[in-house]
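Written below as structure tokens is the structure these notes are about.
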Amino acid sequence: MDKTEERQGDRLPAWAQKPPRRRILAAVAVVVLVVVIAVSCGGGAGGRADVPVVEGTPDAGVTGVRAPSTATGETLRVVSAEIDSLDPQRSYLPGVWNLMRLYTRTLVTYSSEPGRTGELVPDLATDLGTPSEDGLSWTFTLREGVLFETGRPITSRDVKYGIERSFASDVIVGGPTYVVDLLDVPGNEYAGPYQEETPDKLGLPTIETPDDRTIVFRLRAPQPDLPFVMALPSSSPVPIESDTGAGYGGDPVSSGPYAITSVDQAAGILLERNPAWDPTTDDVRTALPDRVVVRTGLNGVERDQALLAGSADLDITGTGVQAATTARLDADEDDPLRNRVDDTTTGSLRLLALPTDVAPMDNPHCRAAVAAAVDRAAVQEQLGGGENAVRRSVLWPRGLGGGPEDTDPGADAAAARASLEACGMPEGFSTVLAVADTQTGVQVAEEVAAQLGEVGIAVEVRPLSATSFYATDVGDPASVDANGYGVILATWTADFPTPASFLAPLVDGRSIRSVGNTNYARFDDPAVNGLVDAARASGDSAAWQEVLTAVDASAVYVPLAETRVQLLAGQRLRNAVVMQPYSGYDLATAGVR
């Protein structure tokens, strides 16, 4: 590699610095990609005469299909923020998981059916899996005729190997590790495929592959949510002969309808049709465009501008349009742009966590005083009003079925003072509120501090680095205790649309850890832990409501509001369905003709 190539490599993101195998495309694909981008970015703010504006209605893609079409061809143009990794075992961004639906397949995946996108359907497997009677094992059978882009059949051992990569914590970093928690053997922990020295490499003993089409998972404890774990890209197959370890994200092998053929910092990521993909084996992906171009690293304003100008078709980031675009929509009810907007809640809940081992929050009455003093309507205004946030007083997202009714109570100063009396501090107390140092987060924290101040609770708002906030600041119980963080303003989003995924990480005392802890309240109640076990075993929403009732009685969390976003469809976007788990349009079905 000469000096020029080295300098170019330094400018590429880490996931793109590994030279791709497909050398024959190295020059041609980039030239084509640059031409595509140049042509597609020429529109002005008002759109272009040669870019037809697809008609639609507000929220057409939420419970239906926006601009239905089965036409194939042309280039789908996607915009995104930074991408953490193109390696399916190393990404932990929902927008990137949406992109991976184009080039990775899993045993099961999310449905593309409008209004049912939070449900699972078979993908590589013939069904949703069969659990044993005791729930300690699951068996899946692979479809016949499914191939990697290399033309080699995908086998059960490829699925096993892809999952095994997540155990190599020294090489494969950044992605979810649910499989490690579910499948590792205590006392005989598996270190991943890169440390196996035996030539046969039998691998993880808790995954069995008796033949090419059968895979059996042996769990440490019953887990009804296992199929949702299998729907993560981190559970997708990887051919061992193509694995380059930490560099695999530079050229991942496709099992879906598209393959990555070029990655360029300026032009973006180019995906083109995978000739080995057989649509008769895939009931989820329509693969309408001939190619997909993804421009990465754009901020929110830049992404909005691209959508408004007609130079992009959809944004996969999942954050919705920016405040300026929302203001434009609010200002003019007749703006035709409204017909291109889909409004959806994200399942992302802002909440206050009250650590049970930090005085005086170790007293349940002091915690109850905080909960009673909160005015959610004022918090909602700090979050941008009803367009950007929905008030929520229960620890259960709106889109998650089987939840309790939300009574949306207002602030109750009398109840707050009565609780202060009961906790032995009638005049109030002082505490520290930890918050990630973002503009909106600090605004909400200051609003909450003002509300608590009205009943005598003096709050110091302490902004902390957004980069380290969840990992080592509030994610480290020792740090929380040492700094006296009595209130933590956090945002919690579950990885799966299930009560177990949402509640257990917050309330199961056995989930508390020293780094990246998500039980922000450090709530460890043996009775609640037992209810969690019972709810996991039953998989029933009513059992999880019992968990919630017990947690509510302890006042360790104060739900505030659920994030709401407005997705803006590009002028050409067709066949668009809002994918609820990813808060964006489903790339698996989107087209432009």
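One table, with the values for the structure above:
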item: In the stretch 513-563, trypsin sites (Lys or Arg not before Pro) in a DSSP loop with at most 16 other beta-carbon atoms within 10 Å; result: ARG513
item: The chain: C-alpha gyration tensor shape, a/c 1.5 cut-off, then a/b vs b/c; result: oblate
item: Filtered trypsin sites (Lys or Arg not before Pro), the stretch 389-453: DSSP coil and at most 13 other beta carbons within 10 Å; result: none
item: Amide H partners (placed H, <5 Å) of LEU107, local residues excluded; result: LEU124
item: Relative contact order, percent, the stretch 405-482 [alpha-carbon distance under 8 Å, six or more residues apart]; result: 28
item: Rounded, prolate or oblate (a/c below 1.5 giving rounded, otherwise prolate when a/b exceeds b/c) for the stretch 346-564 by Cα gyration tensor; result: rounded
item: FRET efficiency, 1/(1 + (r/R0)^6) with R0 51 Å, evaluated for ASP134 and GLU82 via beta carbons; result: 0.70
item: Neighbour cut-off at most 14 other Cβ (10 Å), DSSP loop, GluC sites (Glu not before Pro), the stretch 376-444; result: GLU405, GLU427
item: Ranked by how many other beta carbons lie within 10 Å on average, peptides 324-331, 503-510 from highest; result: 503-510, 324-331
item: Net +/- balance of residues flanking THR356 in space, Cβ distance below 13 Å, scoring K and R +1, D and E -1; result: -3
item: Antiparallel DSSP beta bridges within the stretch 346-564, percent to nearest 5; result: 55
item: The stretch 483-527: C-alpha gyration tensor shape, a/c 1.5 cut-off, then a/b vs b/c; result: oblate
item: Sequence-separation-based contact order of the chain, relative, with Cα cut under 8 Å and 6+ spacing, percent; result: 22
item: Using θ = phi - 60° and Karplus 6.51 cos²θ - 1.76 cosθ + 1.60, couplings along the stretch 454-466 (whole Hz; Gly, Pro as x); result: 5, 10, x, 9, 8, 10, 8, 7, 10, x, 10, 3, 5
item: Net charge of neighbours whose Cβ lies under 15 Å from the Cβ of GLU446, counting Lys and Arg as +1 and Asp and Glu as -1; result: -4
item: Label point distance in nm, ASN299-ASP330, each placed 7 Å from Cα along Cα→Cβ; result: 2.1
item: Within-10-Å neighbourhood charge of ARG462 [Cβ basis; K, R +1; D, E -1]; result: -3
item: Contact order normalised by residue count of the stretch 454-592, Cα under 8 Å, 6+ apart, percent; result: 16
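Throughout, read-outs are computed from the coordinates displayed, never taken from laboratory work. Note that the structure is predicted; figures quoted are calculated from it, not measured. In this analysis, Cβ positions are derived from the backbone assuming ideal geometry, glycine residues included, and neighbour counts consider all displayed protein chains.
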